[in-house]
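The values are calculated or read from the model by the stated rules, or taken from the named source; none is laboratory data. On a predicted model such as this, the values are computed, not experimentally measured, just so you know. Here the Cβ positions follow ideal geometry from the backbone for every residue, glycine too, while neighbour counts run over all protein chains shown.
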Amino acid sequence: MTGKWQLKDHEAERQLFNRRLVVASVFVMTLFAALIFKIFNLQVVQYDYFSARSDGNRLHSQYVPPARGLIFDREGQLLADNQPIFNLSLIREQVDDLDAMLNYLSGLIGITADEIEQFKTRSRRNRVPFSSVPLRYVLSEADRSQIAVKSHRLSGIVIEPQFVRQYPLANLTAHSVGYVSEINREELDNMSETDRENYGGTNHIGKSGIERTYEEVLHGKVGYEIVEKNNRGKVMRVLDRTDPIAGKNIGLYLDARLQQAAEKALGDSRGAVVAIDPATGGILAMLSKPGFDPNLFVTGISSKDYRGLVQDKINTPLFDRTTNPYPPGSTVKPFLGLAGLELELVDYNFAIEDPGYFRLPGVSYRWGDYTLRTAIGGGHGHTDLQKAIFQSCDTFFYDLGNRMGIDAMHEFMALFGFGANFALDVGYARTGVLPSRDWKMATRGEPWYPGDTVNSSIGQGYMWATPLQLATAASIMANKGRVVQPRLLREIDGQPYNPVIENPIPDVVVKDPDFWRYIQEAMTMVVHRPFSTTAFRDYGTAYEAIAMADRGMPYKMAGKSGSAQVVGISQAVLKSDDIVVSDLNKDHGLFISFAPAMNSDIPPRIAVAVVVENGEHGSSVAGPIAKEIIDTYLLEILKLDFTPKTLSPSESLISQSND
Amino acid sequence: MINQDFIRQSSGLDSGKANSRSLWRFIHTDPPLLAGIMLLCGFGLLVLYSASNRDLAVVQRQALTMVVGLVVMFVIAQFNVHFFRSWAPTLYAACLGLLGVVLLIGVEANGARSWLDLPGLPSFQPSELMKFVVPLLMAWYLASRPLPPSFKHIFFSAIMILVPAALIIIQNDTGTAIMVAMSGIFVVLLAGISWRYVIGGFFALLLASPAWYLFLAQEHQKNRILTFFNPYRDPTGAGYNIIQSQIAIGSGGLYGKGYEQGAQSQLDFIPESNTDFILAVLGEEFGLLGVLFLIGLYLFVLARGGYIAFTAKDMFSRLLAGSITLTFFFYVFVNMAMVSGLLPVIGLPLPLISRGGTSIVTLFIGFGLLMSIHTHARSSVI
């Protein structure tokens, strides 16, 4: 021990330690200098870069979708509303394992395979990075609380409030108002760059009907927001905002009560009703039955529901019957009669002795009179144009049509909108077929035969017209030739909408305006000419079903029935077991009408076309439906007063025959 | 020297300033060191309040820990450091024993099986105790040997350092093991070990590191090394912390974004913003000036520690004070370097600023020893 002590040189050791202390100090200062250099480099030299990175971290520019314009009916009832919902969305970039997450959500709130499929479709759309993609619309209260409780396990899952479309009348407006549904890939691809920007925050787009036609008006303009988000994507502050411009509210001519009446009047039948205000062309009712619930499409229809709608080959609920054509049948007769007068092929005194059939010269084939198929036989006897209309005498029109020829017929019928779409804002409506020599050569590669003209003169053969076209023609008839183009849109944001029509359809002008009265009178007789005890077959075809059924009818209504042969039934339908095929072979019943007719005080206020599929009889099945709609409109909605003031001569003529 | 001590002890005859100095001496407290520590604690609490998103409970718990630390420091300072010197071998043996016990019945927390949960005692980490027991033992061992130490003494020192370090590595707490080893190595360095050994050892480590990386390093350690060289190889995973903390510091600029205004910090982009990465919060909100202020405070404490080592009356005290001071520096530097991207991520807190428990008390034990060295009369036992 002592040896060691002697060896220790305290002063030398102290010197050694102090030198080491100096070295340590230099070491410390050097390392601190390096550290300061590094931090200076970060905070001063690279400040701009990191500052931008920090802003990029927290600042997010996001779209603010505009509120979609509402849709009202004629009287301000809501047809399309926006309803607040909560949806469950997923931010793809913040979910590590997508499949595991979806799996977990399936267990938690029962996300179905169907929803996952739809979600994946949505994910494939163009989208801004870190934007959310809806997984489930309309999250229930219970689901929301489940999500809240498990939120720590659900990074990248957000619950977002959102407005979605709601259609309070559901199937009543399914075809006319249409529906919105999710924007698909194709629609996005077809958009211009500006539009795509404008739809940046929007999930839905109008797919059919008004929603599609007026998409631009209803959608509005997207807004922007610069928000600060935390690292879980939660918005902490809104730093800057450009408000979206909401879509415009629009008012339609459509009347909810009339839609209701049409739906009720059609009962269990398949069919279509179109009603037009002849003064404005405003479409008052436009109903295709059966309909479907458009609300299903808004939040993504399940494939099961969709299959149900698509696979119903008989009722075809998705099929819009108002804008798809049927053979118009005898409903064309008033217009052909007018053509006969205009072309001087007939006059008020002209009459035929109807044997019950027609034969082309030199041809042995007899064109029978369809309207007499069930009668005892024989013809209508002495028949002038008015009788030919109210009795729906085919033979008369075979002869008239034959003498007129297809060219003149085509030219004249085109004035009433056959073969064309007169509607201003129902662009998707079909135009039907108004046959001509050229048309037949172009589509069939065959020349026009005289027999084709004979068929066409009773609205059969190649002739096809939509209920919308029939109602349009009826309203032109009601207007005595003044053409009003059908339209649905009545006002935008409370302002009446009167677009400038670029190529207006010319009015129908005839040589003698009295022709109109003459034909309207004949059409009024269809409904009001009673059975006669003396004259043979001298009553209106719809008298029994309409005027006789309601003797207290305060107004006169003009009409014309028709029945359309069912051309062919698809094999798919024929194979199905659960329907009576014979029913599907029955004729379609048609009826066109307008009211009030032959009234010197009140001009016609409504023109209606009704088609009842396989309804067999126009006059007895479709006629009363038209009457119910007219009743509703004139008596319940407009509440018109029909107390007679003075009796006009034309009215007295009908009243006399009524007695 | 003896005269100096004599004058200090007969302070009653001195001026008023000397009077107050003697009062501090009487309670064995060094005012400059205490002031530096208090300033660091205060600044730390301020930053922690913002980093924890104004969580007052967190700040209160931290303040309480600091008070406990101050009390421990004060108690330790009352003992003459030579009391600890005489107990150094016993303490070392006891701590080694505890490390052995931890291996058998240790409790795991945060991936390290380093906690001991003995009945009647609060749970603690024996490895933390080693942080000052190892330099204590090394100072005891080398102070009584001729300096610079001979190869034989260096060899035994290495064994005394490496045994506890190895035991701690087995507990899967590499960070603490490194700190424990460093606190011992600092003593050896200050004791005047020949530069040949230092340079030789440095190159030996350099050569051994690839072998360590290939055969010994665990997956997460390899990841940290790779991330250090390129944080963007996995920007949302391993590289996320360092990328976000660099963005925070860098975007703070010269003057910072303002207290509680750090977007990175307040919007939770910085993970572990209360603990290991709290410098990112400070850097973002107080800017380069804030960082320099903090470094200034640390430098002040370090300088005072150096001064205490320099003025210490015997080799044991010098070595111990020097080692404690350098270990403190090592903590500060490693944390700041890792958060700013100068070193790979090692899980070490920023002393007196990061939220912590045992580690803070350990720091105060060190400060207590420094104060004891500086305020007690020369021991009769040299």
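For segment A:24-79, filtering for residues that are hydroxyl-bearing (Ser, Thr, Tyr) and within 18 Å of residue B:242 (Cα to Cα) leaves 4.
In segment A:276-315, which residue that is among the β-branched types (Val, Ile, Thr) and modelled with pLDDT under 90 is surrounded by the most Cβ atoms within 10 Å (Cβ to Cβ)?
First, pick out the residues of segment A:276-315 that are among the β-branched types (Val, Ile, Thr): A:276, A:280, A:283, A:298-299, A:301, A:310, A:314.
Right, trim to modelled with pLDDT under 90 and you get A:298-299, A:301, A:310, A:314.
Details: A:298: 24, A:299: 21, A:301: 21, A:310: 12, A:314: 16.
Filtering segment A:276-315 for residues that are among the β-branched types (Val, Ile, Thr) and modelled with pLDDT under 90, the one surrounded by the most Cβ atoms within 10 Å (Cβ to Cβ) comes out as A:298.
Show the residue pairs meeting these rules: Cβ distance below 6 Å; 6+ apart or different chains; first residue within segment A:44-58 and within 8 Å of chain B (Cβ to nearest Cβ) and among the aromatic types (Phe, Trp, Tyr); second residue outside any helix (DSSP H, G or I) and surrounded by 14 or more Cβ atoms within 10 Å (Cβ to Cβ). Sorted first by the residue in segment A:44-58, then by its partner, the pairs are A:47/B:253. For segment A:327-361, residues that are out of contact with any Leu (no Cβ under 7 Å at 6 or more places or on another chain), crowded, with 22+ Cβ neighbours inside 10 Å and either under 30 Å from residue A:173 (Cα atoms) or of a type in the set (Gly, Ala, Ser) (or both) total 4. Of the listed requirements (1) basic (Lys, Arg); (2) buried (at least 17 other Cβ atoms within 10 Å of the Cβ); (3) farther than 26 Å from residue A:231 by Cα; (4) without any contact (Cβ under 8 Å) to a residue 12 or more places away in the chain, residue A:68 misses just one: (4). Residue A:463 fulfils the conditions (1) in contact with a strand residue (DSSP E or B) (Cβ under 8 Å, 6 or more places away or on another chain); (2) loosely packed, with under 14 Cβ neighbours inside 10 Å; (3) of a type outside the set (Asp, Glu) except for a single criterion, (2). Here residue B:292 fulfils each of the conditions (1) free of Cβ contacts under 8 Å to residues at least 24 places away in the same chain; (2) farther than 23 Å from residue B:131 by Cα; (3) more than 9 Å from chain A (Cβ to nearest Cβ) apart from (3). Only a single item in (1) over 13 Å from residue A:54 (Cα atoms); (2) touching a residue at least 40 places away in the same chain (Cβ under 8 Å); (3) more than 10 Å from chain A (Cβ to nearest Cβ) is not met by residue B:298, and it is number (3). Meeting the requirement of 3 or more residues that are within 30 Å of the chain's Cα centre (by Cα), the helices (runs of 4 or more DSSP H) wholly within segment A:434-520 are A:467-478. Of A:500, A:509, all but one fail to be out of contact with any Ser or Thr (no Cβ under 6 Å at 6 or more places or on another chain) and without any contact (Cβ under 8 Å) to a residue 12 or more places away in the chain; the exception is A:500.
Here residue B:192 passes the criteria (1) surrounded by 22 or more Cβ atoms within 10 Å (Cβ to Cβ); (2) in a loop (DSSP other than H, G, I, E, B) except the one numbered (1). Considering B:334, B:361, the condition of being surrounded by fewer than 24 Cβ atoms within 10 Å (Cβ to Cβ), within 13 Å of another protein chain (Cβ to nearest Cβ), outside any loop (DSSP other than H, G, I, E, B) and not aromatic (Phe, Trp, Tyr) is satisfied by B:334 alone. Note on segment B:254-278: residues that are crowded, with 21+ Cβ neighbours inside 10 Å and on the phi > 0 side of the Ramachandran plot total 1.
For segment A:471-478, does any single residue satisfy the condition of being closer than 30 Å to residue A:285 by Cα and surrounded by fewer than 16 Cβ atoms within 10 Å (Cβ to Cβ)? No, segment A:471-478 contains no residue that is closer than 30 Å to residue A:285 by Cα and surrounded by fewer than 16 Cβ atoms within 10 Å (Cβ to Cβ). Among the residues of segment B:242-275, those identified as more than 22 Å from residue A:235 (Cα to Cα), more than 8 Å from chain A (Cβ to nearest Cβ) and not β-branched (Val, Ile, Thr) are B:255, B:256, B:274. Residues of segment B:115-145 that are part of a loop (DSSP other than H, G, I, E, B), modelled with pLDDT of 85 or more and either surrounded by fewer than 18 Cβ atoms within 10 Å (Cβ to Cβ) or more than 14 Å from chain A (Cβ to nearest Cβ) (or both): B:144 alone. Can you spot a residue in segment A:356-376 that is touching a residue at least 60 places away in the same chain (Cβ under 8 Å), touching a strand residue (DSSP E or B) at 6+ places or on another chain (Cβ under 9 Å), β-branched (Val, Ile, Thr) and part of a loop (DSSP other than H, G, I, E, B)? No, every residue in segment A:356-376 fails to be touching a residue at least 60 places away in the same chain (Cβ under 8 Å), touching a strand residue (DSSP E or B) at 6+ places or on another chain (Cβ under 9 Å), β-branched (Val, Ile, Thr) and part of a loop (DSSP other than H, G, I, E, B).
Select from segment A:1-23 the residues that are surrounded by 12 or more Cβ atoms within 10 Å (Cβ to Cβ), facing chain B (nearest Cβ under 7 Å) and either over 16 Å from residue B:317 (Cα atoms) or modelled with pLDDT under 70 (or both) and list them in ascending order. Selection gives A:8 alone. Scan segment B:366-382 for residues that are β-branched (Val, Ile, Thr), touching a His at 6+ places or on another chain (Cβ under 8 Å) and at pLDDT below 60 and the total you get is 1.
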